[in-house]
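Down below is the structure, laid out as structure tokens.
Please treat every number below as a calculation from the coordinates, not as lab data. Remember, it's a predicted structure, so these values are computed and weren't measured experimentally. Heads up, the Cβs are rebuilt from the backbone with ideal geometry, glycines too, and the neighbour counts pull from every protein chain shown.
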Amino acid sequence: MKIIIADNAGFCFGVKQAMNKTINAIGNNNSKKIYTYGPLIHNNQVIKRLQCRGVFSVENLEDAKDNILIIRSHGVPLYIYDLAKNYNIEIIDATCPFVRKVQKTAKEYYDKGYTIVIIGNPKHPEVIGINGWCNNDAYIVQNVEDIDKIKHLDKICVVAQTTITLELWNHIVEKLEKKAKSLEKFNTICTATRERQEACADVAKKVDAMIVIGGFHSSNTQKLVQIGKMYCKNTYHIETAEKLPIEELKNLNKIGVTAGASTPDWIIKEAIQKMNNMEHENNEMMKMMEEIES
Ligand code: F3S
């Protein structure tokens, strides 16, 4: 059995950075409690491990008063930094640098008098965070119909939630051109998601089964499952190695593996190890059968 691991499987740069900052904070700190502002990543296994090390998630800043608060890769609205000061909170900022660039662009152009348009999901913490860098005054659009809510304006600056598709960006920007005298466009889509999805498709095309590892609630993992199924009908979504569909994989030649942006290496390695063990056991069984028959 050949196992093919898709390129870019697992943590993206921003998530890796957030994990490293958290692990360093645990190692360096011996007096204050460490909290994360919302769950650090969408992976239950990682969250449980962090909780075992005393790191818990809070939704209200007050709950982290006098302690350490880690800001996750999605970033936060600007006012959170001031509020944290009021509560004597030490901030460890793990905002992804690509998200920071969007926040700064939104602020810069808002201060210059532009109306900010964010293309993305209004409920997503990253979008809520970016809007919080331009006084919560941005128009947030997630489809072409939302553009009708925008009146004709002099100056518009448009940015993107880092994980939207290029198709959506192109589609909406084309319509926005007609809404403003001057349109400043900043395509802030991060390529990590697209590269992971393309690698998933490439592998799924050439394997007998595709294993996608990641949280059941992780939307980027669900997207990988959809892509996997488009090219390989035997696509399985698992959260951990224990859930590998061993019986279904047993007699296949090529198995592909990919993982969502919040899936740590150790979970990917466990799954690969289990498949290797399965093959070893299979070979042993075959040998035994041959010996019995001869
Ligand atoms: Fe950052 Fe891109 Fe990941 S924006 S958090 S590297 S998906």
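Overview of values
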read-out: FRET efficiency, 1/(1 + (r/R0)^6) with R0 30 Å, evaluated for Lys229 and Glu174 via beta carbons; value: 0.50
read-out: Extension gain from Tyr81 to Glu145, taking 0.36 nm per residue of separation minus the Cα-Cα distance; value: 19.6 nm
read-out: Distance between modelled label sites at Asp66 and Asn136, nm, 7 Å Cα→Cβ extension; value: 3.0 nm
read-out: Degrees separating the helix 265-293 axis from the principal Cα axis of the chain, which is the longest one; value: 10 degrees
read-out: Distance-filtered residues of segment 88-111 - backbone nitrogen under 13 Å, label point 7 angstrom along Asn24 Cα→Cβ; value: 92-95
read-out: Taking the C-alpha atoms of the chain, convex hull volume expressed per residue in Å³; value: 131 Å³
read-out: Gained length - Lys112 relative to Trp266, 0.36 nm times residue gap less alpha-carbon distance; value: 50.8 nm
read-out: Check: segment 116-215 dipole with +1 on Lys, Arg Cβ and -1 on Asp, Glu Cβ, in debye; value: 180 debye
read-out: Cα gyration tensor, segment 144-294 - rounded (a/c under 1.5), prolate or oblate; value: prolate
read-out: Cα-based helix-to-principal-axis angle, 97-111 vs the chain, degrees rounded to 10; value: 20 degrees
read-out: Potential lengthening between Glu247 and Ser57 on full extension [0.36 nm per residue; Cα-Cα distance subtracted]; value: 64.6 nm
read-out: Expected-Rg normalisation [2.2 N^0.38 Å, Cα atoms] applied to segment 13-95; value: 0.99
read-out: Cα pair distances exceeding 21 angstrom across segment 52-177, given as percent; value: 44 percent
read-out: Mean ellipticity per residue at 222 nm, deg cm²/dmol - from DSSP H runs of n ≥ 4 across the chain, formula -39500 (n - 2.57); value: -13500 deg cm²/dmol
read-out: Given charges at Cβ of Lys, Arg, Asp, Glu: segment 98-189 dipole, positive-most of Ala106, Gln142, Ile172; value: Ala106
read-out: For segment 73-106 and segment 142-169, distance of Cα centres in Å; value: 24 Å
read-out: Per DSSP, loop trypsin sites (Lys or Arg not before Pro) in segment 182-263 with at most 16 further Cβ within 10 Å; value: Lys206, Lys233, Lys250
read-out: Helix 191-205 vs. the chain, principal-axis angle (Cα, 0 to 90°, nearest 10); value: 30 degrees
read-out: Burial ordering of Trp133, Trp266, Trp169, fewest other beta-carbon atoms within 10 Å first; value: Trp266, Trp169, Trp133
